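Input: a single structure, listed below in structure tokens.
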């Protein structure tokens, strides 16, 4: 891990760049707002740590009422458990002897759950759980029209759940029902329609499980772009929102029920970058490129610089275009950028620099950076 790009108490203008900034006022607003909404609905909140990869942030979410965290990889879960998180759902399949054994080692230290969609994987998990002497919570993942992981809803899911119940060392804990593709559907009514399909698939599967005598205590899923629909469904019991803590440029393109771009949450995550070259009045170059920002969801937005757009990245550079009626950016000037996609942007950095009132208040290590296995 590299040393942090700032010191506690330092003015924002002295923070080295590129740096990953967190506006603490906006961040705390987001954490509190979703927690209050979910608790008012009577559901459980299990935020997704793949967004922030930071045990300090996870602890703050739990302090505000979250029951635990989601992770997407075994190594990510291990980093959270090492950071004091006692309850983690790996909302993904874990396949292969090395990964499964590592999973069981973590399950001896914390409450761990995992998802399955294959009978052979169930057998492998069962054998390892018996060998390690652990009881592992297992959720059957159903494919809710995402076309990614998941067994078919209905009878195929019931058959797999029965197999879990019959397998030593495993405990059937419910359904994983997450429609990731719906999170960035722009029109509010189109997102609602997509999630309605997931709700119906989950409802049918839960009913069939109960008719087969299986207790489906948890139906977990939902994300920042859709949780309002799952929370009103009467089917979901747990919500897995992740990006709400930070938001990004892509979420900013989603329309709300009124047909505008005003979100429930505030942008709290920024890339801080220095203007390193000003070749002419229409172009400037900053020091944040492919190695500090993710571009899978488009270009970052330039904050508080009217007439300036981020147009092209390279490894260590970002090209900024300045409109004709704007003065050029100054050499050495520092700017804030809102990344297009927060999750993979975070994975490029070692530290969060927490800012309040233009001064560094917190430095948080991104302990699960690069935890890809």
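The values are calculated or read from the model by the stated rules, or taken from the named source; none is laboratory data. Values in this document were obtained by computation on a predicted structure and should not be read as measured data. Positions of Cβ are backbone-derived with ideal geometry, glycine not excepted, and every protein chain shown enters the neighbour counts.
Just to be sure I understand, how many residues within the range 154-188 are out of contact with any strand residue (DSSP E or B) (no Cβ under 8 Å at 6 or more places or on another chain) and either free of Cβ contacts under 8 Å to residues at least 12 places away in the same chain or assigned to a helix (DSSP H, G or I) (or both)?
Number satisfying all stated conditions: 13.
Would you check if there is a residue in the range 213-231 being touching a strand residue (DSSP E or B) at 6+ places or on another chain (Cβ under 7 Å), assigned to a helix (DSSP H, G or I) and crowded, with 17+ Cβ neighbours inside 10 Å? Give the derivation first.
So in the range 213-231, the residues touching a strand residue (DSSP E or B) at 6+ places or on another chain (Cβ under 7 Å) come out as 214, 216-222, 227, 230-231.
Add one more test, that the residue is assigned to a helix (DSSP H, G or I), and what stays is 227, 230.
If we keep only those that are crowded, with 17+ Cβ neighbours inside 10 Å as well, we get 227, 230.
Yes: the range 213-231 contains one or more residues that are touching a strand residue (DSSP E or B) at 6+ places or on another chain (Cβ under 7 Å), assigned to a helix (DSSP H, G or I) and crowded, with 17+ Cβ neighbours inside 10 Å.
In the range 245-288, how many are in a loop (DSSP other than H, G, I, E, B) and more than 22 Å from the chain's Cα centre (by Cα)? Reasoning before the result, please.
Kept after step one, since they are in a loop (DSSP other than H, G, I, E, B), are these residues of the range 245-288: 246-250, 254-268, 281-282, 287-288.
Restricting the remaining residues to those that are more than 22 Å from the chain's Cα centre (by Cα) gives 257-260, 281-282, 287-288.
Residues meeting the conditions: 8.
Among what's in the range 311-330 and is in contact with a strand residue (DSSP E or B) (Cβ under 6 Å, 6 or more places away or on another chain) and either outside any strand (DSSP E or B) or assigned by TED's automatic domain parsing to the domain that holds residue 244 (or both), pick the residue that is farthest from residue 48 (Cα to Cα).
Initially, the range 311-330 is screened for residues in contact with a strand residue (DSSP E or B) (Cβ under 6 Å, 6 or more places away or on another chain), giving 311-312, 317-322, 328-329.
Checking which are either outside any strand (DSSP E or B) or assigned by TED's automatic domain parsing to the domain that holds residue 244 (or both) leaves us with 317, 328-329.
Values: 317: 31, 328: 40, 329: 38 Å.
Of everything passing the filter in the range 311-330, 328 is farthest from residue 48 (Cα to Cα).
Looking at (1) out of contact with any strand residue (DSSP E or B) (no Cβ under 9 Å at 6 or more places or on another chain); (2) surrounded by 22 or more Cβ atoms within 10 Å (Cβ to Cβ); (3) not in a helix (DSSP H, G or I), which one does residue 140 not meet, given that it meets all the others?
All conditions pass for residue 140, except number (1).
What number goes with the only condition from (1) part of a loop (DSSP other than H, G, I, E, B); (2) under 30 Å from residue 353 (Cβ atoms) that residue 70 does not pass?
(1)
Considering only residues of the range 1-35 that are free of Cβ contacts under 8 Å to residues at least 40 places away in the same chain and under 24 Å from the mean Cα position of the chain (by Cα), which is surrounded by the fewest Cβ atoms within 10 Å (Cβ to Cβ)?
Looking at residues that are free of Cβ contacts under 8 Å to residues at least 40 places away in the same chain and under 24 Å from the mean Cα position of the chain (by Cα), I get 32.
Can you find, within the range 331-344, the residue that is surrounded by the most Cβ atoms within 10 Å (Cβ to Cβ) among those that are in contact with a strand residue (DSSP E or B) (Cβ under 8 Å, 6 or more places away or on another chain) and farther than 14 Å from residue 267 by Cα?
In this case the residue turns out to be 335.
Being at pLDDT 95 or above, under 15 Å from the mean Cα position of the chain (by Cα) and either surrounded by 24 or more Cβ atoms within 10 Å (Cβ to Cβ) or under 30 Å from residue 288 (Cβ atoms) (or both): is that true of residue 49 here? Talk me through it step by step, then tell me what you get.
Working: at pLDDT 95 or above: yes; under 15 Å from the mean Cα position of the chain (by Cα): yes; either surrounded by 24 or more Cβ atoms within 10 Å (Cβ to Cβ) or under 30 Å from residue 288 (Cβ atoms) (or both): yes.
It is true that residue 49 is at pLDDT 95 or above, under 15 Å from the mean Cα position of the chain (by Cα) and either surrounded by 24 or more Cβ atoms within 10 Å (Cβ to Cβ) or under 30 Å from residue 288 (Cβ atoms) (or both).
Can you pull out the residues in the range 292-310 that are closer than 11 Å to residue 249 by Cα and not in a loop (DSSP other than H, G, I, E, B)?
301, 302
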